[in-house]
Structures are given as structure tokens and as C-alpha cells.
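I'd like to ask you about the structure that follows.
The values are calculated or read from the model by the stated rules, or taken from the named source; none is laboratory data. Since we're looking at a predicted model, the values are computed, not measured. Positions of Cβ are backbone-derived with ideal geometry, glycine not excepted, and every protein chain shown enters the neighbour counts. Just the protein is used for accessible areas: all its heavy atoms, side chains included, with ligands, DNA and RNA removed. Shrake-Rupley method; radii C 1.70, N 1.55, O 1.52, S 1.80 Å.
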Amino acid sequence: MERVTMKIGGMSCGHCVASVKNALSALEGVDVEQVAIGQAVISHDPGVTSTEVIAQAVEDEGYSVVSAENVQAR
């Protein structure tokens, strides 16, 4: 598992947080650790779901991924 912190643009409220959390939770191989305004911390199995697919799920909800940084391997 890889742990990734994503900086997300365009989030401004609790609805935004819920929208991003639901989109990430729906992805196979992704464990959502935390979603807050402007940021998400997730763990994922890169063999199942790539960082690019995760970023696309966020963008499909109408937000922009500013950066995605691996924090540590688990």
C-alpha cells in the first residue's frame, strides 16, 4: 500500500468533503484515511488503482488535484 496526500482545489464546504470522500471510497483498492477542505489522505494499492485514476475521480466530482505526494509506503 502507498500512502498519498492530495492537495485539492475548489473545495469550500462540508458537501465538498463528502463528495470527494464518496468518490474516493468507491474506488477499488483505495482506503480513505482523511478528507478535509483542500486535502485528502488515502492509502491505495497501486497494482489495483493508480494515482492517476484516483486524481481523475476527484476531478470528475468538479475539483482539481493540485498535487499528489507519496507520504510513505505501508
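One residue is enough: does the stretch 3-21 have a residue meeting the conditions open to solvent by 30 Å² or more (accessible area, probe 1.4 Å) and in contact with a Cys (Cβ under 8 Å, 6 or more places away or on another chain)?
yes
Are there any pairs, at least 6 apart or on different chains, whose C-beta atoms fall under 8 Å, with the first in the stretch 21-38 and within 17 Å of G62 (Cβ to Cβ) and the second open to solvent by 70 Å² or more (accessible area, probe 1.4 Å) and in a strand (DSSP E or B), and if so, which?
G38/K7
Please verify whether V66 is crowded, with 19+ Cβ neighbours inside 10 Å and in contact with a Lys or Arg (Cβ under 7 Å, 6 or more places away or on another chain), treating the condition exactly as stated. Even if it seems obvious, please write down each step before you answer.
Details: crowded, with 19+ Cβ neighbours inside 10 Å: no; in contact with a Lys or Arg (Cβ under 7 Å, 6 or more places away or on another chain): yes.
In short, no.
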